[in-house]
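The values are calculated or read from the model by the stated rules, or taken from the named source; none is laboratory data. Given the structure is predicted, the values throughout are model-derived calculations rather than measurements. Because the Cβ atoms are built from the backbone with ideal geometry, glycine has one as well, and the counts that use them run over all protein chains shown. Accessible surface areas use protein heavy atoms only, side chains included; no ligands, DNA or RNA. Shrake-Rupley method; radii C 1.70, N 1.55, O 1.52, S 1.80 Å.
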Amino acid sequence: MQQLIRGRVLGFHADPHDTSDNHRYLEDGAILVEDGRILAVDDYATLARPGLAEIDHRPHLIMPGFIDTHIHFPQVQVIASWGAQLLDWLNTYTFPEEARFRQQGHAPAMAEAFLNLLTDHGTTTAVAFCSVHAESAEALFSAAHARNMAMVAGKVMMDRNAPPEVLDTPQQGYDDSKALIGRWHGMGRQRYAITPRFAITSTPEQMEAAGTLVREHPDCHIQTHLSENKDEIDFTLSLYPQARDYLDIYETYGLLSDKLLLGHSIHLRPREIERMAETGSRAVFCPTSNLFLGSGLFDEAGLRAAGVVSGIATDVGGGTSYSMLQTLNEGYKILQLRGQKLTPLSAFHWITRGNAMALGMADQIGTLDPGSMADLVVLDARATPAMALRMERSETLEQELFILEIMGDDRSIRETYVAGKPMKKHG
Ligand code: GUN
Ligand code: ZN
């Protein structure tokens, strides 16, 4: 079945940092979709033909769905917990909440809520940490697979420095991860991320097991946390006294590659930056979380100049919004504090093709290239009275994009398509 999705169409084919020929914008455009995939993108007049099913989203903007490269699925009821920085926040709020994912029926219910929240906010793919319990990853993959929604996810491996209800062992972490990879990696649109939570909560034996999984499954992503908070770094280095620096721990166990996503990556030493660039390891900027937990200011321009590729992400529940628009809003302000500029085109490239590139998945998601999945978001820059008033003085596409990223949230998401299927229920 073919369908034409009509509107003002915007997609990126290159990074605005590299070239001015980076996007294609069609004022009266359309996306031709067949069986969940993009067949063609062009002017409406070129693609329209009698008898073809059509949906008209004019005057709204249609873009590739947003990609969130770091989010914690079991933290949907941790978001907005008061007053702590990272290690306190984990111990006080997060670990006890993640313990609830052992309970029968909890993970499946939360998985449905989580996926609804993502698509309500325009996010069509997420890279998610699950809880330590295999059932949490099982629930998320099952729910995402049923929606044909692309997830990259993994159960966290953690065997120390947390309550027993959220600990596994090196063997159990290995066995559970291995079984989940066997069941879910490459099943439809699901992909597995090997997920040692961070060095503090894994013994050297467990890091070794994570390294074994990486060697056995080189096609899987790997996700963890790096240098988010000063106290975290000090504690980490005290646990691994032989390490040259924080990154060296992950390197020792063979985790560094272009499949590795390093959440936060804020307080880095020059050697770490150099090794991330050499190995292709990705940094992931989590603006709302970094401000909320008082963690620090990400050095986007510095990392890019050094050759490190960065993704951008919400990091809910340390992060305070599911919205990639609000994530850009806070990201813009962090970069202002560092004297760095994020242009509107770079911002929207980042949450679409840029994040897809960081994941090595730009052939499937993040662009409007024919052959990509029809994961799309429909954006309304006049979604609130304040936005509508501001839009009266907007004259260019870039101004509209900036208004969307600074003032927009889920109210600006008119529709979200996952593999060609509308996911947002109105009214
Ligand atoms: N470091 C280890 N675990 C976490 C987590 O759940 N959230 C954040 N922000 N940092 C972490
Ligand atoms: Zn995180």
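Considering only residues that are among the small types (Gly, Ala, Ser) and within 16 Å of ligand 1 (Cβ to nearest atom), look in the range 311-330 and name the one that is surrounded by the fewest Cβ atoms within 10 Å (Cβ to Cβ).
Once the filter is applied, the top-ranked residue is Ser321.
Which one of Met187, Met149, Met207 is in a loop (DSSP other than H, G, I, E, B), open to solvent by less than 10 Å² (accessible area, probe 1.4 Å) and in contact (Cβ under 8 Å) with a residue 12 or more places away in the chain? Can you show your working first?
On the way: Met187 fails: open to solvent by less than 10 Å² (accessible area, probe 1.4 Å); Met207 fails: in a loop (DSSP other than H, G, I, E, B).
After ruling out the rest, the residue left standing is Met149.
Return the residues of the range 275-294 that are open to solvent by 10 Å² or more (accessible area, probe 1.4 Å) and either within 13 Å of ligand 2 (Cβ to nearest atom) or out of contact with any Asp or Glu (no Cβ under 9 Å at 6 or more places or on another chain) (or both); say none if nothing qualifies. Step through it out loud before you land on a result.
Taking the range 275-294 and keeping what is open to solvent by 10 Å² or more (accessible area, probe 1.4 Å), we get 275, 277-280, 282, 291-292, 294.
Residues satisfying the conditions are Ala277, Glu278, Phe292, Gly294.
Are any residues in the range 328-348 without any contact (Cβ under 8 Å) to a residue 60 or more places away in the chain and at negative phi, and if so, which ones?
Glu330, Gly331, Lys333, Ile334, Leu335, Gln336, Leu337, Arg338, Gln340, Lys341, Leu342, Ala347
Can you list the strands (runs of 3 or more DSSP E) lying wholly within the range 1-98 that have 2 or more residues being among the basic types (Lys, Arg) and open to solvent by 10 Å² or more (accessible area, probe 1.4 Å)?
Passing ranges, in order: 2-12.
Does Leu335 meet the test of being within 16 Å of ligand 1 (Cβ to nearest atom) and among the hydrophobic types (A, V, I, L, M, F, W, C)?
no
Listed residues Glu405, Glu395, Glu415; which is part of a helix (DSSP H, G or I) and either open to solvent by 10 Å² or more (accessible area, probe 1.4 Å) or over 19 Å from Ile5 (Cβ atoms) (or both)?
Values: Glu395 fails: part of a helix (DSSP H, G or I); Glu415 fails: part of a helix (DSSP H, G or I).
Answer to the check: Glu405.
Mind listing whichever residues of the range 33-47 are touching a strand residue (DSSP E or B) at 6+ places or on another chain (Cβ under 7 Å) and closer than 18 Å to Ile365 by Cβ?
Answer for the range 33-47, where residues must be touching a strand residue (DSSP E or B) at 6+ places or on another chain (Cβ under 7 Å) and closer than 18 Å to Ile365 by Cβ: Val33, Glu34, Gly36, Arg37, Ile38, Leu39, Ala40, Val41.
Every residue in the range 210-238 that is of a type in the set (A, V, I, L, M, F, W, C) and either within 19 Å of Val152 (Cα to Cα) or within 25 Å of the chain's Cα centre (by Cα) (or both), please.
Once the filter is applied, which keeps residues that are of a type in the set (A, V, I, L, M, F, W, C) and either within 19 Å of Val152 (Cα to Cα) or within 25 Å of the chain's Cα centre (by Cα) (or both), the range 210-238 yields Ala210, Leu213, Val214, Cys220, Ile222, Leu226, Ile233.
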